[in-house]
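Inspection log for the structure reproduced underneath, given as structure tokens.
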Amino acid sequence: MTKQWTGIATFAALAASVPFFLGDNPYIADILITMLMMAALASAWNIVGGYAGQFSFGHAAYFGAGAYTTSILLTASSIALPLCIGAGILAASLIALLTGAIVFRLRGHYFALASIAVAEIVRLTAHNLEITGGAQGLLITDITFGNLDLNSKEPFYFAMLFLLVTTLAISLLVRHSRAGYFLLAIREDQDAAASLGINLYLWKNMALVISAALASVAGSIYAVYIRFIDTSAVLSLRLSIEIILTTIIGGVGTLWGPVLGAALLVSLAEALRSNLAGELLVNSGIITEASPIESFLKNNLAHAHVLVYGIITVLCILNLPKGILGLFRRKQRT
């Protein structure tokens, strides 16, 4: 466990030094902020999905709860930003408790479908309420927090980094605590765990509330960073699926798997969006800018990241059930 704490501290130090080496590059900064956010969301989901084995497909609801609560309070009053984030944590935790009361009575694919249904209820509610801006969304203006320049990307980079490091630390504490062993027992065999006196309902809900609270903080930071949110951005089923795919590809139930998965998938998504493959082919002289292949790649590849995610996930499930991190560990043993 000491090595893992050392790894978290080393990662935090190295990641904190990155902005000083990159300088003022908004494009790279935006990619890194997205990468840190997805790593934090995947690590938060890993507490309930990886350790407890409860594959929730509704984590966008908690991310959206933080984003909407913070945005509403910031636009409607002069409440301090930390209090807005705290209110988002409370809102997400309440939704998680309500969700747990419904979905943890179910198992397997019934549980997955129920978690999707709850998330869709939250999305449709936000989509039709006047206070949330409905289909038009919410625009945040005139945000201040001390002497920080919130028009710069640097504060949000460090905020997301702090959240990720905090999430990793909480994950490590949970994993090696009494609660963590209970969650692992629930993941392996719920009936056997119940026969040993483990309160399934209590511990699964505890994992979900912790996971939801961390996801809500990511949503709050994202809302302040983007300054505009709507249901398609923060409450979509696609976001919930991307969080799960990030964890599966990196390594479910591992500490660093979600971080590795986020680094890979965010980089891949940006490469597809910017048509990096087409540019490489053109620069190498294999094709020309006017060729049909370049036109096809430019018009279609930018929107194909979800399809590519799906293909990678299927390949990982078939060949790397423990994710990419599991492959590295297997090679180390051999």
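Applying the selection to region 16-36, what residues are among the acidic types (Asp, Glu) and outside any helix (DSSP H, G or I)?
24, the sole residue that qualifies.
Of all positions in region 105-128, none carries a residue that is under 18 Å from residue 228 (Cα atoms), free of Cβ contacts under 8 Å to residues at least 12 places away in the same chain and in a loop (DSSP other than H, G, I, E, B).
Within region 177-199, the set of residues being free of Cβ contacts under 8 Å to residues at least 60 places away in the same chain, among the acidic types (Asp, Glu) and assigned to a helix (DSSP H, G or I) comprises 191 only.
For residue 195, state whether it is farther than 26 Å from residue 5 by Cα, surrounded by fewer than 16 Cβ atoms within 10 Å (Cβ to Cβ) and not β-branched (Val, Ile, Thr). Judged against the criteria, residue 195 is a match.
Please state which one of 40, 12, 16, 29 is buried (at least 23 other Cβ atoms within 10 Å of the Cβ) and in contact (Cβ under 8 Å) with a residue 60 or more places away in the chain. Going through 40, 12, 16, 29 in turn, just one is buried (at least 23 other Cβ atoms within 10 Å of the Cβ) and in contact (Cβ under 8 Å) with a residue 60 or more places away in the chain: 40.
One line per residue, one yes/no per condition, for (1) under 25 Å from residue 257 (Cβ atoms); (2) of a type in the set (Gly, Ala, Ser):
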residue	(1), (2)
197	no, yes
204	yes, no
208	yes, no
217	yes, no
224	no, no
228	no, no
237	yes, no
242	yes, no
245	yes, no
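Screening the candidates 154, 120 for the property of being closer than 30 Å to residue 18 by Cβ, within 22 Å of the chain's Cα centre (by Cα) and of a type in the set (Asp, Glu) yields one hit, 154.
Scanning region 130-156 for residues that are loosely packed, with under 11 Cβ neighbours inside 10 Å and at pLDDT 85 or above turns up 130, 136.
The values are calculated or read from the model by the stated rules, or taken from the named source; none is laboratory data. Please read all numbers here as calculations on a predicted model, not as lab measurements. So basically every Cβ, Gly included, is an ideal-geometry build from the backbone, and we count neighbours across all protein chains shown.
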